[in-house]
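A.B. asks: First, the structure itself, so that you have it in front of you.
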Amino acid sequence: MRFDLLTLACVWILWCGLHSMLAADLIKQRVCSRLQISSSCYRLFYNGIALLTLAPVLYWSADLPGAPLLVWDGPWRLLQWSLWLVAGGLVWSGLRIYPLAEFLGVDGLMRSAALSRKQVLMTDGVLGMVRHPWYLAVFLLLWSRDLNASALVSSFVLSAYLMVGAILEERRLARRFGRLYADYCRRVPMLVPWRWLLLKMASIFRR
């Protein structure tokens, strides 16, 4: 079992490495040049590779035997459902702001492609509470499920990958927007919306 878990961790690390490598600008430019495709089509290619390689890893991870280590049972089930609800709200709120066509890689097929590629720093809606709402949603989903040993290993590796991804995304946005993004970072937390929560609690106590 220990060998299986170590193998699973290595497979997840390889998947994360492939995912990051394909997201690198240099790899993107070379693939676009070799396949003669646009950057928007590359996004579609990137998402397809990510899903195709993710499916067998998820299947194998779920198929590994192991006694449950964490089970959300009894009154804890209500907390689990609450975390799922928060995660769903974060995803839905993000969908209202992010250019979904660009994220999926189909913006080149739509008339609004030019608008989706504008270099604009978005800070409205849920982005005024937390800078990476979808990363936070994935964190909540990873740790609010029932966990056995294989799921625990998967959650640890993917959580570490999300943190690295968030930091790299922060650096990319800082290079793109400079002082504007630095000011935004001072106002809005990266992953935990503690400022928004404090304001909500203060408004409740003032009533």
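A.B. asks: Can you pull out the trypsin sites (Lys or Arg not before Pro) in the stretch 42-96 whose DSSP state is coil and whose Cβ has at most 14 other Cβ atoms within 10 Å?
C.D. replies: On the way: sites: Arg43, Arg77, Arg96; in loops: Arg96.
Qualifying residues, ordered by number: Arg96.
A.B. asks: Calculated from the structure, Cα extents along the principal axes in Å equals which of (i) 55, 51, 28; (ii) 67, 48, 28; (iii) 49, 38, 33?
C.D. replies: (i)
A.B. asks: Sticking with this structure for a sec: Between Val130, Val31, Trp72, whose Cα lies farthest towards the positive end of the dipole of the chain when Lys and Arg beta carbons carry +1 and Asp and Glu beta carbons carry -1, centred on the Cα centre?
C.D. replies: Val130
A.B. asks: Carbon-plus-sulfur fraction of the accessible area of the chain, 1.4 Å probe, in percent? Don't skip to the answer; put the middle values down first.
C.D. replies: Working: 9280 of 13550 Å².
That fraction is 68 percent.
A.B. asks: Might you report the magnitude of the Cβ-based charge dipole of the stretch 1-69 about its Cα centre, with Lys and Arg at +1 and Asp and Glu at -1, to the nearest 20 debye? Don't skip to the end; give the middle numbers.
C.D. replies: Details: 5 positive and 3 negative charges, 61 e Å.
My answer is approximately 300 debye.
A.B. asks: Starting with the highest mean, order 85-93, 153-161 by the number of other Cβ atoms within 10 Å, averaged over the residues of each peptide. Walk me through the numbers before you get to the answer.
C.D. replies: On the way: 85-93: 15.8, 153-161: 17.7.
Descending mean neighbour count gives 153-161, 85-93.
A.B. asks: State the answer as a single residue: which of Leu85, Tyr46, Leu199 lies farthest towards the positive end of the charge dipole of the chain, with beta carbon charges of +1 for Lys and Arg and -1 for Asp and Glu, about the Cα centre.
C.D. replies: Projecting each Cα onto the dipole axis, the largest value belongs to Leu199.
A.B. asks: Assuming a ≥ b ≥ c are the square roots of the Cα gyration tensor eigenvalues, decide whether the stretch 9-71 counts as rounded (a/c under 1.5), prolate (otherwise, with a/b larger than b/c) or oblate. Could the numbers behind the result be given before it?
C.D. replies: On the way: a/c = 3.82, a/b = 2.84, b/c = 1.34.
Prolate, because a/c is 1.5 or more and a/b exceeds b/c.
A.B. asks: Label the stretch 128-207 by shape, choosing from rounded, prolate and oblate, from the square roots a ≥ b ≥ c of the eigenvalues of the Cα gyration tensor; if a/c is under 1.5 it is rounded, and otherwise prolate applies when a/b is larger than b/c, oblate when it is not. All intermediate terms of the calculation are to be shown ahead of the outcome.
C.D. replies: On the way: a/c = 4.31, a/b = 1.21, b/c = 3.56.
In terms of gyration-tensor shape, oblate.
A.B. asks: Please state the charge dipole magnitude for the chain, taken about the Cα centre, from unit charges on C-beta atoms (+1 on K and R, -1 on D and E), reported in debye and rounded to the nearest 20.
C.D. replies: Values: 23 positive and 11 negative charges, 202 e Å.
Value, rounded to 20: 980 debye.
The values are calculated or read from the model by the stated rules, or taken from the named source; none is laboratory data. Keep in mind that what you see is a predicted model, and the values were worked out from it rather than measured. Ideal geometry is used to build each Cβ from the backbone, glycine not excepted, and the neighbour counts take in all protein chains shown. Heavy atoms of the whole protein, side chains included, go into the accessibility calculation; ligands, DNA and RNA do not. Shrake-Rupley method; radii C 1.70, N 1.55, O 1.52, S 1.80 Å.
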